[in-house]
Amino acid sequence: MDGSLALLFGLVTAAELTFGGCGDAGCRAAAPHARTAVQYGEVLFQRERMGGELYLLHERGGHGRLEPVIGLSVSARGDAWVGAGLQWTGALPHDSFVQLSLMPGLYAQTDGPDLGHMIEFRSSAGVGYEFDNGARVSLQFDHRSNAELSAPNPGLETFGLRVSMPL
């Protein structure tokens, strides 16, 4: 996988800021509330299943549909990633939504694959549903890469189910 998700995130973010897609209150308007999310997914490395991963996120809320987000993941092999970045959430019909995010972070390898660098960028895309109480459930895909900071740069993918709750 190349940097397609990161490029898509950049284009959506630029359009959001350029064309005023943040609503009447603007991109600096506070989001209604922060959220905490838990995601469990399957890690794939060069198309080989590497086991599960638990991913915790805190969505801080704050800038229209763009919001700061921090995350921490730990794989079944003991590898860990921690990062911070931005997440964009767009509305779809019938209480559905789409999300894109880009988060630079640090990768600590133990028994898992060598990703080539301790700095790894995590880009993701997801689609989900928001319930009346504000809880969300979504399917997420993400890709981690060192963005050619060093060789090798094999990348890593995760497919997961995320549940988030407003705080």
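Scan (1) surrounded by 16 or more Cβ atoms within 10 Å (Cβ to Cβ); (2) of a type in the set (Val, Ile, Thr); (3) under 23 Å from PHE9 (Cα atoms) for the single condition VAL74 breaks and write down its number.
(3)
Need pairs with beta-carbon distance below 6 Å; first residue under 15 Å from VAL38 (Cβ atoms) and within the range 133-162, second of a type in the set (D, E, K, R); sequence gap 6+ or separate chains.
Correct list of pairs: ARG136/GLU130; SER138/ARG162; GLN140/ARG162; ASP142/ARG122; THR158/GLU53; THR158/ASP142.
Right, GLY112: loosely packed, with under 14 Cβ neighbours inside 10 Å, closer than 22 Å to VAL38 by Cβ, in contact (Cβ under 8 Å) with a residue 40 or more places away in the chain and not aliphatic (A, V, I, L, M) or not? Steps first, answer last, please.
Working: loosely packed, with under 14 Cβ neighbours inside 10 Å: no; closer than 22 Å to VAL38 by Cβ: yes; in contact (Cβ under 8 Å) with a residue 40 or more places away in the chain: yes; not aliphatic (A, V, I, L, M): yes.
Answer is no for this residue.
How many of the residues making up the range 130-164 are under 16 Å from the mean Cα position of the chain (by Cα) and under 25 Å from HIS94 (Cα atoms)?
13
Each reported figure results from applying straightforward, stated rules to the coordinates on display, with no laboratory input. In this text, all values refer to a predicted model and were calculated from it rather than measured experimentally. Glycine gets a Cβ as well: all are built from the backbone with ideal geometry, and neighbour counts include every protein chain shown.
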